[in-house]
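J.: Pasting a structure below so you can have a look.
The values are calculated or read from the model by the stated rules, or taken from the named source; none is laboratory data. Worth saying up front: this structure is predicted, and the values here are computed from it rather than measured. Every residue, glycine among them, receives a Cβ derived from its backbone with ideal geometry; neighbour counts consider all protein chains shown.
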Amino acid sequence: MTSRMQVAAVEQFGQPLSLREWVVPTPGVGQILVKTEACGVCHTDLHAMRGDFPVKAALPFIPGHEGIGRVVAIGSGVTVVKEGDRVGVPWLYSACGHCEHCLAAWETVCGQAEYGGYTKNGGFAEYIIADPNYVAHIPTGLAAVDAAPIICAGVTTYKGLKETQARPGEWVVISGVGGLGHLAIRYAKAMGLHICAVDIDDGKLAHAMRLGADAVVNARLDDPVGEVRKATDGGAHGVLITAPSLAAFHQGVAMTRKRGTCVLVGLPPGEFPVPLFDVVANCITIRGSFVGTRHDMAEALAFAASGLVKADIELQPLSAINVVMERLQRGEVASRVVIDMTDMGPAR
């Protein structure tokens, strides 16, 4: 008899996720089967279910790229994991392994990359098929619910901070104190950086101070750029823009000091014109950063396992996924929601 599992699937773009049964997949050659314990919810999942990206996923598909669980079955040829290992199935599901980018350990920009919860079924399901060469290895002692946000939001912000090239004792601006930004503050603090948090919500800015920010600026002020420059003695050495807002992108470049680096990880819709004279005259670097490599992932998880970084999480069952998505759409999720896949009950 064929085994069935509960999933939340995208059957039509722009519509709520369909809570339905799905056949439990069998791992093929070079694949593993993971029994999902927890899966974080990311703003990218919302983009995926709406069909916002230029290249759309094939319908139907199962979103979720922060799935954590135990390996319960292994296909032939698998040697790098074993049954019982706890792993994470992240956004970077797999890459070709032999292009110029993969050979340079930049597999995140591989032209043949596959993406979890998008081109491959993801973690809003009781079981996930995964590529053992690209799963995250979860450190002993790090709970599944705590690991889930780290394998996307955590590694994305950690890599972004590395890309600013800011050194301990220097200033970074964290623009946007939400699911990504609150983790960025914790990573920046653990990395010895001075932090100026920027947001439009005073409640989030108060939370940023509790997390360890050295200064906060409300972007709704008449001159938020001036306030940041004052707080950071001339502008930040590095700026990390996590907010999905074009206004935040414009302000972020202006908040960057001469010879500093502004890193973009947020994905607002629309074009992003830059003030070319200011960028050239001030020797500012503008850099995109796309999640993180497997090496970045191991480092990001090590911070979490050591207790230096922990996401603020809200647990919900899979049955509440559409309510969570509606809240995410309205900007009502303060930090990070994690779906507890061991709980199939009603929303809390």
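J.: Take region 131-168 and flag every residue that is of a type in the set (S, T, Y) and surrounded by fewer than 24 Cβ atoms within 10 Å (Cβ to Cβ).
T.: Y134, T140
J.: In region 9-20, is there at least one residue being in contact with an Asp or Glu (Cβ under 7 Å, 6 or more places away or on another chain) and among the hydrophobic types (A, V, I, L, M, F, W, C)?
T.: No, the conditions are met nowhere in region 9-20.
J.: Is there a residue being surrounded by fewer than 19 Cβ atoms within 10 Å (Cβ to Cβ) and free of Cβ contacts under 8 Å to residues at least 24 places away in the same chain anywhere in region 34-47?
T.: no
J.: Can you list residue pairs whose Cβ atoms sit under 8 Å apart, with the first residue in region 283-294 being of a type in the set (G, A, S) and the second being in a strand (DSSP E or B)? Count only pairs 6 or more apart in sequence or on different chains.
T.: Listed pairs, sorted by first residue: G288/V263; G288/L264; S289/V263; S289/L264.
J.: Now a separate question. Condition first: acidic (D, E), part of a strand (DSSP E or B) and over 19 Å from A298 (Cβ atoms). Can you find one or more residues in region 111-128 that meet it?
T.: The answer is yes, given that some residue of region 111-128 is acidic (D, E), part of a strand (DSSP E or B) and over 19 Å from A298 (Cβ atoms).
J.: Given the criteria buried (at least 16 other Cβ atoms within 10 Å of the Cβ) and either at pLDDT below 95 or within 24 Å of the chain's Cα centre (by Cα) (or both), does R50 qualify?
T.: no
J.: Only residues in region 70-81 that are on the phi < 0 side of the Ramachandran plot count as the first member; pair them with residues that are among the β-branched types (V, I, T) and surrounded by fewer than 16 Cβ atoms within 10 Å (Cβ to Cβ), Cβ under 6 angstrom, at least 6 apart or cross-chain, and list the lot.
T.: Hits for this filter: G75/V29; S76/V29.
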